[in-house]
Amino acid sequence: MFAEASLSIWGWGGLGVILFLITFGPFAVFYLAFYIFCFFGGGFAVTLLFGKTNSEKHLERCEQSYLPSTQAGLGKALDEMKLEVKAIKIDRRLTGSSFIDEPLQQVIQFALRDYIQYWYYTLSEDESFLLEIRKTLQNALVQFCTRSKEVDWQPYFTTRMVDDFATHLRVFRKAQERLSERDEKQREAPEELVDSFFETEVEMERNICRDVVCSSQRDEEGFLRDLCEVLLYLLLPPGDFHNKSMRYFLREILARGVLLPFINQLSDPDYINQFVIWMIRDSSCNYEAFMTILKLTDKPAELEAVKDKVLEELQYLRSLDTAGDDINVIKNQINSLLFVKKVCETRIQRLHSGKEVDALKLAASFGKLCIIPLEHILVHNIALQFFMDYMQQVGGQADLFFWLTVEGYRVTAQQQLEVMRSWQKDGRKQSSQTKGLLKAAALGVYEQYLSDKASPRVQVDEASVTRLAEMLNSEDPTPDIFDDIQRKVYEMMLRDERFYPSFKQHPLYVRMLAELDMLKEPSFRGSDDGDVGKRMGFCLLNCFK
């Protein structure tokens, strides 16, 4: 069966081939193969082209949906700059007071207009950069105001700044005295005064000298740059501070554009004179302070100027034609001016005679000197000035300033407590606020003179300081809360050989007696503790009447 089927397939197959060749010819095989190739090749080509076209269209749809095409270069930057920017809201509050915030906002607006807007608008009209700068400035001002509120300004302006200014004047005065003892050629050189000033500063300030910063402009600018770095670190947000380009730019503006011109203006003698005139124009000096200045000055030229002004005023008053009650007023004014003229002439004569320079010889010519108790020195303005100069020289200014500060605190506390009692009688409640102010003042005295951070620190026993700290933390402040330590400081100034005992042997003590007219009267020596009894009555009466 299998053989018959195989023979039948070959037979029919062969018959078909023979009929195909007879019908289409001998080349029909090649045509058939060509047709088959064209069919499959054409189908493949059509499929490839169709798939490519659809793929491109699909990719274009995907790119437009997820990855939009962007422009490159300046065209893109210009198009983005033209886009509308959303308005940035800025809190205009700075200090919390509208009376201060409004002028500060005007200052910021004028600064942006004069220093940034005039060149920025030539580059772009985008407001976001200006708004960001304004926001940064406001944040810095807010930080500055916040930190300023945390500072206790009262002891700084009333004690520390006054002490620093007085110390500067004492150093300058002592440098002038040293320079006057040198040769005339050395006195004429300005460099000698500068060197003498800083040498004296090292001696009085205890290893602190500012000669490099004050005499070299390069070092001064470097110091101001470092100071501005610290200010920027405290005031700027962390992101802006770590931007080096912005930090260096602001540092140079503050150092060279703000602080350096400000210091140069304050150092200008003409500006200082104009500022002093402006300050005293509305407030006249009282009689006691004016006479104290005349008696303490060591400048004959200043005394001559006061004398000339007095003579001019005397000539004007004598030329007036008055009658009745006005003539009594004019006579009193003339008598006062004549007394001032006499004081100036006496002081000028004393300075020209050389007695102010050689105080030891002046003391020797009078023999025994009058002993003024320390308690009287501390309450007399002229005597206190000389004793303060001496304590500054020996390094005991902290003890003296502490005693004076406690005296001021006691008087202030007594006044405030009296006011509080009167308010309580009237039914008004202010006790908590008054107690808070007194406690803040007491803590300020403690922190400035007795705490571990005080520089210089008043040297008293630690037990008293610890007991005082406990009282300040647990009790309400009283006027006599510092009495124990103040009494010990007074005893130290009275007994310690560096202070009051040595001051009685110092030329400044002789000059003090001369200013108080104590060298013209017979005197007696009293005890060191100020118990002079009746023997000192006449001497003290002449001194303090």
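In segment 117-248, Rg over Rh equals 1.17, where Rg is the alpha-carbon radius of gyration and Rh the Kirkwood radius from pairwise Cα distances. Within the accessible area of segment 140-284, the carbon and sulfur atoms contribute 57%, probe 1.4 Å, all protein chains present.
Semi-axes of the equivalent ellipsoid of segment 434-480: what are they in whole Å, largest first, if each equals the square root of 5 times a C-alpha gyration tensor eigenvalue? Don't jump to the answer; show the numbers that get you there.
Details: eigenvalues 72, 31, 11 Å².
One finds semi-axes of 19, 12, 8 Å for segment 434-480.
Peptides 102-115, 24-37 ordered by packing proxy, namely the average of other Cβ atoms within 10 Å per residue, highest first: 102-115, 24-37. Peptides 268-278, 488-498, 440-450 ranked from most to least packed by the mean count of surrounding Cβ atoms within 10 Å: 440-450, 488-498, 268-278. Surface composition of segment 385-516: carbon and sulfur make up 50 percent of the accessible area, probe 1.4 Å. A protection proxy built from the mean count of other Cβ atoms within 10 Å ranks the segments 337-343, 380-386, 142-148, most packed first, as 380-386, 337-343, 142-148.
Neighbours of residue 311, meaning other residues whose beta-carbon lies under 13 angstrom from its beta-carbon, give a summed charge of 0 when Lys and Arg score +1 and Asp and Glu score -1. Legend: P(r) of segment 166-316 from all alpha carbon pair distances, 5 Å bins from 0, whole percents, reading 1, 7, 10, 13, 15, 13, 12, 10, 8, 5, 3, 2, 1, 0, 0. Beyond 20 Å in Cα-Cα separation lie the following of the pairs 299/331; 295/342; 299/341; 174/295; 299/342: 299/331.
May I ask you to compute the full-extension gain from residue 298 to residue 346, defined as 0.36 nm times their residue separation minus their alpha-carbon distance, rounded to one decimal in nm?
Net length gain for the segment: 16.1 nm.
Pairs of Lys residues in segment 432-520 are counted when their Cα atoms are under 30 angstrom apart and they lie 8 or more places apart or on different chains; the count is 7.
The values are calculated or read from the model by the stated rules, or taken from the named source; none is laboratory data. Keep in mind that what you see is a predicted model, and the values were worked out from it rather than measured. Note that we place each Cβ from the backbone using ideal geometry, even for glycine, and neighbour counts take in every protein chain shown. For accessibility, only protein heavy atoms count, side chains too; no ligands or nucleic acids. Shrake-Rupley method; radii C 1.70, N 1.55, O 1.52, S 1.80 Å.
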